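The structure under discussion appears below in the form of structure tokens.
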């Protein structure tokens, strides 16, 4: 009886390990060029900008990417490469007043990976950083992805364009709340190497 319990226990451990290995073997990889489809970022200013602190944002984001030229991939490639990548989690952005650019860290909700940006910039098409018109600043932000960790460690680079509303007018009810919407089909992310780009 004691011997059977030990054998059963060892079999359970072995089977559990095999199931885990099998599940990992069927994970598809993020490889090649991906195009943004849709997404958003909703952030809140966490620095005391009215007291002169360097602006910092913290919030949530979601980004949906699709593999470029999916139809051109072989059946074998389609078995191992992800067609769609959905990334959602927490984003933190820091503005550098010396360069007029920002850098961002995007952490996946499930903690499977992190994406980093540098030298991101916003081109205003309405309003300004000082709220001199009494209206929020509206513009186009370009995020420049430079590296990733975890499941995004093969990131070679990427760009993302977003329409943004920066609520920088202290008299507005949405003061310090910033909303960004991804411009679909613009920009790209390149991961690892792939035969088809």
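The values are calculated or read from the model by the stated rules, or taken from the named source; none is laboratory data. Keep in mind that what you see is a predicted model, and the values were worked out from it rather than measured. A quick note on method: Cβ atoms are made from the backbone with ideal geometry, for glycine too, and the neighbour counts reach across all protein chains shown.
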Select from the stretch 62-84 the residues that are surrounded by fewer than 19 Cβ atoms within 10 Å (Cβ to Cβ) and under 30 Å from residue 45 (Cα atoms) and list them in ascending order. 62, 64
Suppose the filter is closer than 21 Å to residue 181 by Cβ and outside any strand (DSSP E or B); does residue 138 pass it? no
Conditions (1) in a strand (DSSP E or B); (2) more than 13 Å from the chain's Cα centre (by Cα); (3) within 24 Å of residue 152 (Cβ to Cβ); number of the one not met by residue 79: (1)
Filter the stretch 164-192 for residues that are assigned to a loop (DSSP other than H, G, I, E, B), touching a strand residue (DSSP E or B) at 6+ places or on another chain (Cβ under 8 Å) and more than 21 Å from residue 90 (Cβ to Cβ); the one that is modelled with the highest pLDDT is 192
The stretch 86-101: number of residues that are in contact (Cβ under 8 Å) with a residue 24 or more places away in the chain and either surrounded by 14 or more Cβ atoms within 10 Å (Cβ to Cβ) or part of a strand (DSSP E or B) (or both): 11
By residue number, the members of the stretch 102-125 that are more than 19 Å from residue 153 (Cα to Cα) and surrounded by 12 or more Cβ atoms within 10 Å (Cβ to Cβ) are 102, 119, 120, 121, 122, 124
Qualifying residue in the stretch 140-155 (condition: within 27 Å of residue 51 (Cβ to Cβ), touching a strand residue (DSSP E or B) at 6+ places or on another chain (Cβ under 8 Å), surrounded by 18 or more Cβ atoms within 10 Å (Cβ to Cβ) and in contact (Cβ under 8 Å) with a residue 24 or more places away in the chain): yes
